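First the structure, in the form of structure tokens, and then the observations on it.
Rule-based calculations on the coordinates, nothing more; no lab input. Model, not experiment: these values are computed from the prediction. Note that each Cβ is placed from the backbone with ideal geometry, even for glycine, and that neighbours are counted across all protein chains shown.
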Amino acid sequence: MFRYIALFVGLALLPSASLADKLAAPRPLSAAFHAAARGDWAMADLLASKAAPEAQVLMQWVKLRAGKGSAEEALGFVRDYPHWPGLARLAQMSEAAVSEAGGAERIAFFRAFPPQSNRGVLSYVGALMAAGERGEAEATLVMAWRSYDMDGALQAEYLENYADLLAPHHEARLDMALWRGLSDDVSRMLPLVSAEQRALAEARQGLRAGASDPAALIEAVPAALLGHPGLGYEEFLWTYHRGTKDEAVAKMMASSAAENLGEPLRWSGWRRSLVRQLMREGDAQVAYQLAVNHGLHDGSAYADLEWLAGYIALRKLGNAAQALVHFERMKETVESPISLGRAGFWKGEALQQMGRTDEALIAYRAGAEHQTSFYGLLAAERAKTGSDIALKGAEYFPAWQDAEFYKSDLARIVELAIKNDMLSLAEQFILAMAAEADRSTLGQLGNFVTDLGAPHLAVMLGKDAAGRGIVLPAHYYALHPMTEMRLPVPMEMALAIARRESEFDPSVASGVGALGLMQVMPATAKEVAEGLGIDYARDSVLNDWSYNATLGAAYLATLSERYDGNVVMMSAAYNAGPSRPDRWVSEQGDPRKGEMDVIDWIEAIPFNETRNYVMRVAESLPVYRARLGKAAHPVPFTEELIGTTLRVSN
């Protein structure tokens, strides 16, 4: 296999002209950032002045965000540059400096940027009190007392000056600290509450710490407080980590009423995990009950649990009518193409099972409007709408050079950052420019960064826009210069993996050690390089995207051979390692052989990351084929999921 792949290596490793140009170009802005990292702000400012006038403002922004500016500088910056990104952090890091300013300046600053630290709160409150605005001052103090963690000295300062005001809120502060696991704050609050509340808190804290005898702790809690949501949550966590799954499920079921959850969002991650585990194990009825009793009203966790409840009702319990209720609830709270495609497809499935075929077709067509998504593609297949021509990314936008945004200082910063290979910096500024942009301006912004040779920024812009329901295929699914390489796997798969792994940021390194464009692990990179007969260079894996793409694509080719070019298995193996999909096939059946429906097989993947990864890679293939000028669907999408469209010829 590697002998075949090696035929591509010579062309693949040719250095790009852009890389050579970058290596040769002087980079005063990069040097300025290095000086700033050393704390040499005078040198940083001098070097920035050699880069561009806007670079000096940028360096002031960096300095203030590091907490090194004066009150005058901070107040002046937020006044003069309110359109810049990252001002919340700048304000947070400037709170100590601003506390030295006059009362009117402090009030104006903290009204624009509510205090994020206890010192900031006290500074703001002092200014408000001096100005006679006692009501706002007291409300701010109570908010901080009920919400912020603080060290012993700060707590003492709060109590010394505002004891009577804060006394009615001691139980709320203790409860907050217990939910958040702030053990030091809990210990300091215990003497300030009643004996009954102290017993409850000690039981909750002991359970969180993994007490060996939880029963003794719970017995000490007064009967009137045994139903406290926080105690129920800690009992559940203790049981989840130290008991059996069935015991953990029973504890969660015991807190199923909304009033017994306290903070439903904290339960939701555990709830989703248990629901999926129960579903995989065939206990669908209990899984359904856990899913529906979530106590949430909106947000992504609400949407996911409503979808899970609907999926279980439809696919596991055969109750299409009840499933439809959940799918409709889910649809009401989402706006991204991924979620809208999911909602349309599953609403159509429920209606179809109920015999309401005309309504099912309407639902499928609604889902099919989102063919950049996994379930949107499935909905389009059900509705027989054909491939969306917009996937080609040929939409016209006016020249970005004539756009109003191009006159802004933010555009200059983006240009400087890209020139200096500072993609994370450029990303902050391009997303700030996009924050309130309409579709046409977003398209121009995407063309702007694309023409500057920054596909990573195009993808991030596209994802940000998609999150608001604006899909720009040319940027959401940006192309990368790797399309000029000869790779041993179909280009659409290489692009899909690189986009998913790094979003085309060639210098990203993951927490587990994966490196570069295609997030290749060093051990894998070394093994593949040896198989190809080329030198292994760890620095090149991170710093040379073409080298990284060569190794990543070669590894993909081995997975293609192992899984006969099947996108579901290849992407699962690339993300989780080949042993995982092999085991899941042995446990659940092989969808390629019809032993299990492929959609159900994907939904049964036990790792959230891998399940999402498989869908995101699979949905990318038709889009990237269209972007590359190919037919989006060489076979219907459901056939692709069980087929061999990525087979490599030897």
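At a glance:
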{"item": "At R0 = 35 Å, FRET efficiency that the Cβ-Cβ distance of residue 105 and residue 225 yields, to 0.05", "result": "0.15"}
{"item": "Neighbour net charge for residue 315 - beta-carbon separation under 9 angstrom, K R +1, D E -1", "result": "-3"}
{"item": "Nitroxide proxy distance, nm - points 7 Å out along Cα→Cβ at residue 395 and residue 273", "result": "3.9"}
{"item": "Listed peptides 189-195, 501-507 by packing density, highest first (mean Cβ within 10 Å)", "result": "501-507, 189-195"}
{"item": "Cα extents of the stretch 392-477 along the three principal axes, largest first (Å)", "result": "30, 23, 21"}
{"item": "Per-pair calculated FRET efficiency, R0 = 22 Å: residue 628 and residue 440 via Cβ, rounded to 0.05", "result": "0.30"}
{"item": "Exposure proxy order (Cβ contacts within 10 Å, fewest to most) of 174, 542", "result": "542, 174"}
{"item": "Computed magnitude of the charge dipole of the chain (debye, nearest 20; Cβ of K, R +1, Cβ of D, E -1)", "result": "1280"}
{"item": "Total formal charge among the other residues, if their Cβ is under 14 angstrom from that of residue 246, Lys/Arg +1 and Asp/Glu -1", "result": "0"}
{"item": "Proxy reagent accessibility, fewest Cβ within 10 Å first, across 279, 176", "result": "176, 279"}
{"item": "Segment residue 325-residue 119, length gained on full extension (0.36 nm per residue, minus Cα span)", "result": "69.3 nm"}
{"item": "Distance between modelled label sites at residue 42 and residue 354, nm, 7 Å Cα→Cβ extension", "result": "7.5"}
{"item": "Sequence ranges 199-205, 50-56, 567-573, ranked by mean other-Cβ count within 10 angstrom, highest first", "result": "567-573, 199-205, 50-56"}
{"item": "MRE, 222 nm, helices only [DSSP H, n ≥ 4, -39500 (n - 2.57), over the chain, to nearest 500]", "result": "-20000 deg cm²/dmol"}
{"item": "Listed peptides 614-622, 268-276 by packing density, highest first (mean Cβ within 10 Å)", "result": "614-622, 268-276"}
{"item": "Length added when fully stretched, residue 259-residue 586, from 0.36 nm per residue minus Cα-Cα", "result": "113.5 nm"}
{"item": "Label assignment, Cα extents along the principal axes in Å derived from the structure, set (i) 155, 64, 55; (ii) 115, 72, 47; (iii) 79, 67, 50", "result": "(iii)"}
{"item": "Sorted by Cβ density within 10 Å, fewest first, the residues 489, 623", "result": "489, 623"}
{"item": "Prolate/oblate/rounded label for the stretch 520-606 (Cα gyration tensor, a/c 1.5)", "result": "prolate"}
{"item": "Extension gain from residue 644 to residue 161, taking 0.36 nm per residue of separation minus the Cα-Cα distance", "result": "166.7 nm"}
{"item": "Residues residue 50 and residue 523, FRET efficiency given R0 of 35 Å [Cβ-Cβ distance, rounded to 0.05]", "result": "0.25"}
